[in-house]
Amino acid sequence: MATKKGKTKIQSVPGMSDILPKDQAFFKKIYTTVNDFSSFYGFAELTPPILEYTELFEKGTGDDTEIVEKQMYSLRSDGGDYLTLRPEFTPSLVRSYIENGMISLPQPVKLFSYGPVFRHEKPQAGRFRQFNQFNLEVFGSTKPIIDAELIYIFYNILQSLGIKDLTIEINSIGDQECRPAYKKLLLKYLRKNEKFLCSDCKKRLKKNPFRILDCKEERCQQVVSGAPQIIDHLCKECHNHFKKVLEFLDDLGLPYNLNPYLARGLDYYTKTVFEIVTEDKDGKSKMSLLGGGRYDNLVKLFYGKSVPACGGAGGVERIIAAMKEREIQVLEKPKPAIFLAQLGNTAKTKALNVMEVLRRANLPVIESFDKDSLTAQLKVANKLKIGYTLIVAEEEASKNMLIVRNMKTGKQTLVKMERLVKEMKKKLK
């Protein structure tokens with residue numbers, strides 16, 4: 001609620017919006033598409049709880065990340081537990097993978113998740129405090145084909161939704177073997193240019209200089225453009241892994257751009273990182289629709305045993321915005337061709353039975369039970385441009401019959417209940 005001039009105004013929390021009926025078809029389309037792809041490629045759906053222990057994200061996402069430092073919705077329960085509304089899925093899926101013994105299953109284990117996430121940030125175009133994501137994660141394989149497979153699936157999901165102008169931004173950020181040496185080079189360069197960095201990046205310089213590579217401030221991007229590139233300092237294993245990933249993308253014919261400064265904003269990534277981006281309709285700016293990478297050390301952080309993993313997440317609201325900008329139409333459920341009218345209280349009960357018969361036969365029907373007058377009900381049917389109206393009247397209902405009215409010709413016929421489905425399918429055909 002918000003208060004203005006002594007009056008209470010009931011409204012949604014900024015950055016947390018209703019999903020209105022007119023937009024439901026977009027959300028359902030994305031879920032159905034992702035679910036179809038994930039099922040085909042062997043991903044099992046897992047839905048983790050919205051609330052988790054705060055430590056899971058502090059440790060998993062990283063203390064020095066923007067998410068943990070500024071964006072988490074956390075609370076202290078009456079029992080003293082410190083809990084957080086999930087700001088992302090990956091730590092929750094790692095926790096579930098460990099807690100539910102999936103490490104003992106045949107590897108790799110492929111998981112798909114879909115649902116809301118929560119981040120406390122300033123609401124703006126493409127950024128919300130509550131938004132939806134879909135995740136695909138693979139646990140238990142070091143093979144570069146897994147990185148390529150995930151990118152390929154994500155790319156084809158977006159293509160299937162009608163977004164064709166896509167580019168894959170990709171980089172390797174190395175691992176614990178090669179990153180320390182690169183970090184020294186990066187720090188040396190950034191300290192020389194510290195005065196040109198934004199205030200946030202000056203703090204990041206002391207805590208986690210890799211996050212400066214991900215800063216969207218123009219002044220910081222100019223500094224970063226001259227920084228040493230980690231791809232020139234990869235160890236042999238990381239170099240070979242990344243080389244194979246790019247070869248697979250070439251073989252698949254995917255359009256990618258080698259972006260040496262792509263780092264992603266989360267601490268747990270190793271080796272491959274990627275984003276799939278599209279341009280706005282004016283071609284002036286790029287919007288990231290989806291991103292992810294490899295995180296071979298995250299399971300070990302919680303479990304003590306090393307389990308390689310790779311995954312990514314797509315932003316549902318951003319994808320919908322891109323679809324709308326391109327005027328991509330999403331087919332809604334077909335409008336009913338049958339209207340059900342009733343006359344009298346006994347007929348209302350009978351009409352409900354008729355509706356259930358039609359539902360089981362997959363014949364969409366609409367009604368207006370709150371209206372008693374047949375004239376008023378027929379007006380509704382005409383307004384909706386319905387082809388046939390079924391009239392349940394008390395006398396006919398007592399004989400287990402009802403009236404079928406052709407709304408175009410006005411012709412009416414009596415039909416027995418047991419023949420209703422057959423007759424209506426015949427007429428609608």
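The values are calculated or read from the model by the stated rules, or taken from the named source; none is laboratory data. Here the structure is a predicted model, which is why all the values come from computation and not from measurement. Positions of Cβ are generated from backbone atoms using ideal geometry, with glycine treated the same way; all protein chains shown enter the neighbour counts.
Restrict the check to region 364-381 and report whether at least one residue is hydrophobic (A, V, I, L, M, F, W, C), in contact (Cβ under 8 Å) with a residue 60 or more places away in the chain and part of a loop (DSSP other than H, G, I, E, B). Scanning region 364-381, I find no residue that is hydrophobic (A, V, I, L, M, F, W, C), in contact (Cβ under 8 Å) with a residue 60 or more places away in the chain and part of a loop (DSSP other than H, G, I, E, B), so the answer is no. Inside region 402-426, residues that are surrounded by 14 or more Cβ atoms within 10 Å (Cβ to Cβ) and either free of Cβ contacts under 8 Å to residues at least 12 places away in the same chain or under 20 Å from F369 (Cβ atoms) (or both) make up a count of 8.
Going through (1) surrounded by 21 or more Cβ atoms within 10 Å (Cβ to Cβ); (2) farther than 24 Å from S92 by Cβ; (3) at pLDDT 95 or above one by one, G174 falls short only on (3). Screening region 93-130 for residues that are in contact with a Pro (Cβ under 7 Å, 6 or more places away or on another chain) and farther than 17 Å from G292 by Cα and picking the one that is surrounded by the fewest Cβ atoms within 10 Å (Cβ to Cβ) gives P123. Quick test of your reading of the structure: N297 fulfils all but one of (1) outside the structural domain of N135 (by TED's automatic domain parsing); (2) of a type outside the set (V, I, T); (3) farther than 30 Å from K426 by Cα. Name the failing condition by number. Of the numbered conditions (1) outside the structural domain of N135 (by TED's automatic domain parsing); (2) of a type outside the set (V, I, T); (3) farther than 30 Å from K426 by Cα, the odd one out for N297 is (1). Could you say whether any residue in region 50-67 is modelled with pLDDT of 95 or more, assigned by TED's automatic domain parsing to the domain that holds V316, in a loop (DSSP other than H, G, I, E, B) and within 20 Å of the chain's Cα centre (by Cα)? Yes: one or more hits. Of the residues N240, N193, N259, the single one that is polar (S, T, N, Q) and within 29 Å of the chain's Cα centre (by Cα) is N259.
Only residues that are without any contact (Cβ under 8 Å) to a residue 40 or more places away in the chain and either in contact with a Gly (Cβ under 6 Å, 6 or more places away or on another chain) or charged (D, E, K, R) (or both) were counted across region 167-185, and they come to 2. Listed by first and then second residue, the pairs linking a residue in region 202-218 that is of a type in the set (K, R) to a residue that is exposed (fewer than 15 other Cβ atoms within 10 Å of the Cβ), with Cβ atoms under 7 Å apart and 6 or more places separating them unless they lie on different chains, are K202/E194.
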